[in-house]
Amino acid sequence: MKDVGIVRNEKKIRATIYNAREFGRLRSEFGSSKYISSFEKDEELLQEDLQKRFRHLGPSSTRMFSWYVGYPLT
């Protein structure tokens, strides 16, 4: 906790652990790419679902995630 080069906020650390587990659940449930493709072109619905599933994930982060994985943004 004394290392200034790492995240030391307990809520962020717990969210990171939770989110990693959630990614595992998504992969088990949908496979590697079926989750994203299940939203077809409904970007708003994808963003809402991501924010419900993951902790500390806001609108900007969901758009960046969508862009990063190649989801067609409007």
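With (1) among the small types (Gly, Ala, Ser); (2) surrounded by 14 or more Cβ atoms within 10 Å (Cβ to Cβ); (3) under 10 Å from the mean Cα position of the chain (by Cα) as the list, and Gly58 as the residue in question, which single condition is left unmet?
Tallying (1) among the small types (Gly, Ala, Ser); (2) surrounded by 14 or more Cβ atoms within 10 Å (Cβ to Cβ); (3) under 10 Å from the mean Cα position of the chain (by Cα), Gly58 fails exactly one: (2).
If you scan region 1-16, which residues turn out to be part of a loop (DSSP other than H, G, I, E, B) and of a type in the set (Val, Ile, Thr)?
Residues satisfying the conditions are Val4, Ile6, Val7.
Being under 12 Å from Pro72 (Cα atoms) and either in contact (Cβ under 8 Å) with a residue 24 or more places away in the chain or not in a helix (DSSP H, G or I) (or both) is the filter here; which residues of region 17-46 pass it?
Within region 17-46, Ile36, Phe39, Glu40, Lys41, Asp42, Glu43, Leu46 meet the criteria.
Go through region 53-74 and give me each residue that's hydroxyl-bearing (Ser, Thr, Tyr) and in contact (Cβ under 8 Å) with a residue 12 or more places away in the chain.
Once the filter is applied, which keeps residues that are hydroxyl-bearing (Ser, Thr, Tyr) and in contact (Cβ under 8 Å) with a residue 12 or more places away in the chain, region 53-74 yields Thr62, Ser66, Tyr71, Thr74.
Quick one: would you say Tyr18 is closer than 12 Å to Tyr71 by Cβ, surrounded by 13 or more Cβ atoms within 10 Å (Cβ to Cβ) and hydroxyl-bearing (Ser, Thr, Tyr)?
The answer is no for Tyr18.
Read-outs: derived from the displayed coordinates by stated rules, not from any lab. From a predicted model like this one, the values you see are computed outputs, not experimental measurements. We place every Cβ from the backbone using ideal geometry, glycine too, and count neighbours over all the protein chains shown.
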